[in-house]
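Shown next, in structure tokens, is the structure this report addresses.
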Amino acid sequence: MIASSIRLGKIAGIEIGVNYSLLLIAALVTYQLYAFELPQRAPGFSESSYLVYGVFGALLFFASILWHELAHSLMARFYKIRVRRIVLFFLGGVAEIEQEPRKAHQEFWIAILGPISSVVLGGLFLGAGSLIGGATVMAEVFFWLGLINILLAIFNMIPGFPLDGGRVLRAAIWWISGSYLRATRWASYIGQGFAYFLILSGIVSLFVNTLLIGSALWLLILGVFLLNAAKGHLQSAHVRVGLSGISLGELVRNRMPVDASWPLPYAIDMMAVGSGGVASAAPVVRNGQLVGVLALETLQVLPRLQWGGTRVENVMVPIDRVRAVEAQRDLYEALQDEDLRQQPYLLITDDRRPIGFLSQRDIMNFAERRLRST
Ligand SMILES: [Zn+2]
């Protein structure tokens, strides 16, 4: 995840953020336009007009990336998949989509809409350029933007993760074969292959011409970034497949409540009896009403010698500080939900009736055990 350093606001309810690394690129793009592109394309104009249109072009360049990410985001929203935010950074943009699409065709359309929207925007810029016409600086900025957007679409369609082309490829194999894991494996391997190719090109171009150090570094950074992403996607696909079809309710071990008035050592004994091995958390009741959770983790701050004189109610976490989740909720989905992940404990309910608690550690332990055994 890329840190969003500056918040620009919201578009269609989606937060737009910019990472500081983008400012460096903005300066580079402006300089490229001001010093090379525009004077070459439209010679004979003043320095200041190259500079003004350089800044203008750089701004529209980032607006183009934003437009591309918005296309992905709005398509995701169409499928009721939440988009947390869009972050622009030095390698482009990322739309942080809350969860992976459930169906192949959803992933296909979410992925392909980015490049399509870039081609459309590129066409509009080229059209604007020819409407303005002549070898003016303004027309040339639009021609440059048109070209850049089309190149952006082509680059994104390279069939390797995490580029759009990789997603399109995965969706296609997934659609045809029905196997999400196999599709991800193929898309990941091709993505890794492409990343190694970039890294190698970077190294070779360093040896061929040391003046190319800028573009060589660029290739290396991009290659390493793509390599990590391609590997990461395969890993998360394994997690998804390994954990799918399990509900949170299946993880709840201790359903036996302890009483708020019980002495702590007695309550802990009862937790051990009730679950065959001490459960990490148990519901606390008073007069039959659920009032809190007794969590072993919170006892670590309490010296063992004081346990004897302590009652459950003195150390429990009150129920209003615990988030309730239905037992049918899918484990994999819960792991992806950032709000849930920030809760130390979850109250698991069945038809709104509390059946037990899960600590974040319970969930992680279970997931790890499960993934090791698959
Ligand atoms: Zn894209």
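So what J values fall out for the range 27-33 if you push phi through Karplus, 6.51 cos²θ - 1.76 cosθ + 1.60 with θ = phi - 60°, rounded to Hz, Gly and Pro as x?
Listing the rounded values in order: 5, 5, 5, 4, 5, 4, 5 Hz.
For every helix of n ≥ 4 consecutive DSSP H residues, a contribution of -39,500 (n - 2.57) applies; sum these over the chain, divide by its total residues, and give [θ] at 222 nm rounded to the nearest 500 deg cm²/dmol.
On the way: 14 runs with 215 residues, N = 374.
Per the formula, -19000 deg cm²/dmol.
Which far-off residues, 5 or more places away or on another chain, put their amide H under 5 Å from the one on THR310, with H placed in the peptide plane?
LEU264
Expressed as a rounded percentage, what relative contact order does the range 36-131 have, with Cα pairs under 8 Å and six or more residues apart?
Values: 80 pairs, mean separation 23.8, N = 96.
Relative contact order, the range 36-131: 25 percent.
Distance between the C-alpha centers of the range 299-319 and the range 342-374? Whole Å please.
Rounded to whole Å, the Cα centres lie 23 Å apart.
Is the range 282-374 rounded, prolate or oblate when judged by the Cα gyration tensor, a ≥ b ≥ c being the square roots of its eigenvalues, rounded requiring a/c under 1.5 and prolate requiring a/b larger than b/c?
Details: a/c = 2.39, a/b = 1.43, b/c = 1.67.
Note, shape of the range 282-374 comes out oblate.
Would you look at the GNM of the chain, springs on alpha carbons closer than 10 Å, and say which of ASP337, ASP164, ASP320 moves the most?
Its mean-square fluctuation being the largest, the pick is ASP320.
For the chain, what relative contact order do you get, as a whole percent, if you take Cα pairs closer than 8 Å and at least 6 residues apart?
10 percent
Using the beta-carbon distance between SER373 and TRP307 and R0 = 35 Å, what value does 1/(1 + (r/R0)^6) give for FRET efficiency, to the nearest 0.05?
Once rounded, the FRET efficiency stands at 0.50.
Give a residue-ordered list of calculated ³J(HN,Hα) values for the range 224-229 (Karplus: 6.51 cos²θ - 1.76 cosθ + 1.60, θ = phi - 60°; whole Hz; x for Gly, Pro).
In residue order, the calculated couplings are 5, 4, 5, 5, 4, 5 Hz.
Pick out which of ALA229, ALA171, ALA272 has the largest mean-square fluctuation in a Gaussian network model of the chain, springs linking Cα atoms closer than 10 Å.
Comparing ALA229, ALA171, ALA272 in a Gaussian network model of the chain, the most mobile one is ALA272.
Residue separation times 0.36 nm, minus the C-alpha to C-alpha distance between PHE78 and ALA63: what's the value?
Length gained, PHE78 through ALA63: 3.2 nm.
Taking the Cα centre of the chain as the origin, how large is its charge dipole in debye, to the nearest 20, when only Lys and Arg (+1) and Asp and Glu (-1) carry charge on their Cβ atoms?
Once rounded to the nearest 20, the dipole reads 660 debye.
With a Förster radius of 22 Å, plug the Cβ-Cβ distance of ALA35 and LEU147 into 1/(1 + (r/R0)^6) and report the FRET value to the nearest 0.05.
On the way: r = 18 Å, r/R0 = 0.81.
Efficiency for this residue pair is about 0.75.
Nearest 5 is fine: what % of DSSP beta bridges in the range 216-357 come out antiparallel, could you say?
Expressed as a percentage, antiparallel bridges in the range 216-357 total about 70.
Could you give the nm distance between label points at HIS238 and LEU23, where each point is 7 Å from its Cα heading toward the beta carbon?
My value for the distance between the label points is 4.0 nm.
Between TYR266 and ILE176, what FRET efficiency follows from the Cβ-Cβ distance if R0 is 45 Å, with the result rounded to 0.05?
Given R0 = 45 Å and the Cβ-Cβ separation, E is 0.15.
Using amide H atoms built 1.01 Å from N in the peptide plane, name the residues 5+ places from SER247, or on other chains, whose amide H lies under 5 Å from its own.
Counting only residues 5 or more places away or on other chains, the set is LEU331.
If you rank TYR345, TYR196 by fewest surrounding Cβ atoms within 10 Å, what's the result?
Neighbour counts put them in this order, fewest first: TYR196, TYR345.
Tell me, THR210, THR349, THR298, THR184 in order of fewest to most beta-carbon neighbours within 10 Å?
Least crowded to most crowded, the residues run THR210, THR298, THR349, THR184.
For the chain, set up a GNM with springs between Cα atoms under 10 Å and report which of SER118, SER73, SER215 has the largest fluctuation.
SER215
All of the numbers you see were taken from the coordinates with simple rules; none came from a lab. None of these values were measured; they are calculated from a predicted model. For neighbour counting, all protein chains shown are included, and Cβ atoms are generated from backbone atoms with ideal geometry for every residue, glycine included.
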